[in-house]
Amino acid sequence: MAIHLSDLAAARVQHFLENRGKGIGLRLGVKTTGCSGLAYVIEFVDELQDGDEVFETKGVKVVVDQKSLVFLDGTEVDFAKAGLNEGFQFKNPNAKDACGCGESFTV
Amino acid sequence: MALLQIAEPGESSAPHEHRFAAGIDLGTTNSLVATVRSGEAVCLPDAEGRNLLPSVVCYAADQCQVGYPAWAHQSSDPLNSISSIKRLMGRGLKDVSRLGDVMPYEFVSSQDSPVPRIRTAGGDFSAVEISSEILKVLAQRARDSLKGDLEGVVITVPAYFDDAQRQATRDAARLAGLNLFRLMNEPTAAAVAYGLDQKADGLIAVYDLGGGTFDISILRLNRGVFEVLATGGDSALGGDDMDHALGEWIIEHCGIEKLDAGMSRQILLAARNAKEALTLSEAVEFSVDYKGQSWRTEIDRHQFDDLIRELVKKTLQACRRALHDAGLKAAEIEDVVMVGGSTRVPLVQSMVGKFFERIPMCELDPDQVVALGAAIQADILAGNKPNNDMLLLDVLPLSLGIETMGGLSEKIIDRNSAIPVARAQEFTTFKDGQTAMSIHVVQGERELVSDCRSLARFELRGFPPMVAGAARIRVTYQVDADGLMSVTAQETTSGVTADIVVKPSYGLTDTEIESMLRASMEHAREDIGLRMLKEQQVEARRVIEAVDAALAQDGATLLNETELRQIQTKRKALESAVDTASADELKNLIKAVEDVSETYVARRMNASVKQALAGKKIDEVEV
């Protein structure tokens with residue numbers, strides 16, 4: 001079981017954590033919502049919860065709850081720019097079908 | 001593929017329901033838009049990577065251009081390229097004609113609309129419409145950058161903007177189809193960008209030196225609430241003046257004689273580039289090229305500093321005045337925030353630092369700092385932060401006051417004060433032995449309570465009897481972020497308190513507020529006359545009461561019959577005239593009573609001194 005961050009994504013996460021001034025890492029997860037069933041969660045982490053798994057990748061603590069891990073195993077998170085927009089992008093081998101916007105998916 | 005931002009713990013939004021928000025600095029010369037992404041406030045650049053949008057709108061017959069393209073038309077098409085429109089926001093034709101010499105545009109107004117419009121090739125446009133074009137472009141940039149619609153925006157305005165100017169800015173936002181969360185004072189936004197709102201309290205000076213304007217604001221932070229203590233500045237002082245000073249130096253130094261408009265522009269451009277280069281370098285070499293001729297010269301930072309020292313001193317004079325208005329000394333200011341591109345100039349930073357005796361904050365880009373603060377506020381208002389980070393600022397539409405003797409309204413919180421706000425004022429008793437005070441809370445701009453709106457009445461009872469004027473009753477007004485007001489009255493020597501909670505603008509519609517404001521302007525003169533009359537009536541009654549009290553005590557012992565009769569005649573004349581005479585007549589009658597009682601007052605004084613000293617040795621008396 002593993003989740004990866006690209007170099008750029010890891011650098012950006014570290015920058016945002018520093019700017020925020022608090023937080024122990026980055027939470028990745030899924031929740032059941034959205035137009036195609038599941039949606040990604042990406043949040044700062046202030047404290048760990050029961051059932052959280054912690055991965056250390058490129059100097060960043062990535063926190064995933066066990067339930068989400070099933071859907072996220074093998075995912076790589078990248079940081080990308082498209083036109084004026086920029087943000088984090090999930091490359092998830094488990095996703096079979098994504099909605100047009102890519103914010104939600106099915107497995 | 002969606003590009004996601006990091007949310008606060010537990011604040012992730014569902015797909016397609018992101019609460020995007022933006023902060024907009026709608027400036028006189030340049031405007032910016034910023035947002036919070038992954039917890040960080042950032043300015044949003046255009047496709048060419050430029051953060052600034054020149055606040056210029058150019059109207060042609062078939063199109064309207066905003067920003068750099070409009071800016072480029074300024075010299076070729078000055079009448080249709082509208083700049084500095086912010087100066088006209090919320091202004092009537094009269095104000096506009098006063099600005100006429102600096103604004104080259106053709107103004108028109110019609111019978112059915114008092115709003116001045118600027119005639120352009122594309123039609124007639126008001127300041128609100130022109131500003132909304134700038135807002136539309138900025139909002140579209142934000143939508144393109146966030147890939148979604150905006151939940152709402154926060155737009156910044158100068159702290160000194162009055163209600164009409166704020167309303168015009170609100171209207172511009174509505175016209176641009178934006179949901180305006182709220183207006184925010186520019187200096188407050190700058191302080192928020194530096195995170196100063198996270199402190200418990202403090203005194204902050206915001207020094208804003210832009211291209212053409214200088215503003216100084218003194219803020220007091222109290223439990224997350226910013227109060228504007230004083231503002232000041234100069235609407236015709238800025239970085240452009242530095243360019244001019246340097247330009248003149250170039251002309252003199254290079255011995256340039258023949259000057260035309262194009263040449264002047266070239267020189268100013270060279271001066272501006274040299275000024276910017278001198279921020280990082282100790283000296284710069286530069287040239288002015290025009291029509292095949294070329295002048296080369298060199299200037300070092302000391303020479304430049306000498307050229308602009310007087311300009312910076314001028315800004316410090318305004319700072320001194322603002323501090324004086326706020327009743328503060330420079331050393332009491334805890335944080336100094338630098339805003340505006342001209343604060344990059346090293347001499348400005350060092351002189352401001354010396355004046356306030358601390359290092360000014362200039363780590364953030366001074367052009368962006370206001371927009372960044374607005375973005376942080378917008379992000380909170382969009383609901384992207386947990387509740388405990390809530391920061392709320394708004395302004396009070398009408399002044400809040402208290403009824404004083406004679407049915408006069410004494411304003412405690414002026415309209416346009418940012419809320420939440422707390423302010424206190426001390427009152428005293430009118431009569432000897434008074435042990436209670438009725439407190440009547442009113443809202444409005446008029447001088448007489450009967451013309452204001454009554455909000456609440458309550459009583460402060462049970463403080464010890466004292467002579468008139470000795471009790472100290474401190475009335476504290478507090479208006480929270482939702483406009484809910486509480487009033488507390490405390491007699492400070494005994495500690496007796498009473499309080500009440502009211503909702504001030506309850507039931508007042510926008511139209512009512514507007515008509516109340518209009519009435520206060522229409523009736524200004526007669527209101528002042530009435531106030532003067534009421535004040536004299538109150539004074540007359542106080543004098544009568546004091547004379548009666550004194551006469552009852554020692555009138556018989558200190559006065560002979562003639563003297564007593566004289567005083568009583570004048571007193572009677574005053575009493576019978578109290579309700580009928582004019583303010584001036586009353587003033588004369590009061591003076592007559594005072595004049596005739598002069599010797600009596602002197603005798604009373606001697607008598608009481610004698611009494612105090614009776615039977616005491618000289619060394620027992622404290623002097």
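The values are calculated or read from the model by the stated rules, or taken from the named source; none is laboratory data. Since the model is a prediction, treat every value here as computed from it, not as a measurement. Counting neighbours? That spans all protein chains shown, and the Cβs are built from the backbone with ideal geometry, glycine included.
Screening region B:198-212 for residues that are touching a Leu at 6+ places or on another chain (Cβ under 7 Å) and surrounded by 22 or more Cβ atoms within 10 Å (Cβ to Cβ) and picking the one that is farthest from B:Glu332 (Cα to Cα) gives B:Val206.
Taking the residues in region B:574-596 that are in a helix (DSSP H, G or I) and among the β-branched types (Val, Ile, Thr) as candidates, determine which candidate is surrounded by the most Cβ atoms within 10 Å (Cβ to Cβ). So, considering only residues that are in a helix (DSSP H, G or I) and among the β-branched types (Val, Ile, Thr), the one surrounded by the most Cβ atoms within 10 Å (Cβ to Cβ) is B:Val593.
One residue stands out among those in region B:126-177 that are of a type in the set (Asp, Glu) and within 14 Å of chain A (Cβ to nearest Cβ): the one that is surrounded by the most Cβ atoms within 10 Å (Cβ to Cβ), which is B:Asp144.
Consider B:Trp249 carefully, then state whether it is farther than 24 Å from B:Asn30 by Cα, among the aromatic types (Phe, Trp, Tyr), out of contact with any Leu (no Cβ under 8 Å at 6 or more places or on another chain) and surrounded by 14 or more Cβ atoms within 10 Å (Cβ to Cβ). The answer is no for B:Trp249. Screening the candidates B:Arg571, B:Arg518, B:Arg525 for the property of being assigned to a helix (DSSP H, G or I), modelled with pLDDT of 85 or more and not aromatic (Phe, Trp, Tyr) yields one hit, B:Arg571. Within region A:50-84, the set of residues being out of contact with any Phe, Trp or Tyr (no Cβ under 7 Å at 6 or more places or on another chain), assigned to a loop (DSSP other than H, G, I, E, B) and either at positive phi or within 14 Å of chain B (Cβ to nearest Cβ) (or both) comprises A:Gly51, A:Lys58, A:Gly59, A:Gly74, A:Gly83, A:Leu84. Would you please name the residue that is farthest from the other protein chains (Cβ to nearest Cβ), looking only at residues in region A:86-107 that are part of a strand (DSSP E or B), crowded, with 18+ Cβ neighbours inside 10 Å and at pLDDT 85 or above? Looking at residues that are part of a strand (DSSP E or B), crowded, with 18+ Cβ neighbours inside 10 Å and at pLDDT 85 or above, I get A:Phe90. I want to confirm something. Restricting to region B:16-31 and keeping residues that are buried (at least 21 other Cβ atoms within 10 Å of the Cβ) and within 14 Å of chain A (Cβ to nearest Cβ), which single residue is farthest from B:Val339 (Cα to Cα)? Among residues in region B:16-31 that are buried (at least 21 other Cβ atoms within 10 Å of the Cβ) and within 14 Å of chain A (Cβ to nearest Cβ), the one farthest from B:Val339 (Cα to Cα) is B:His18.
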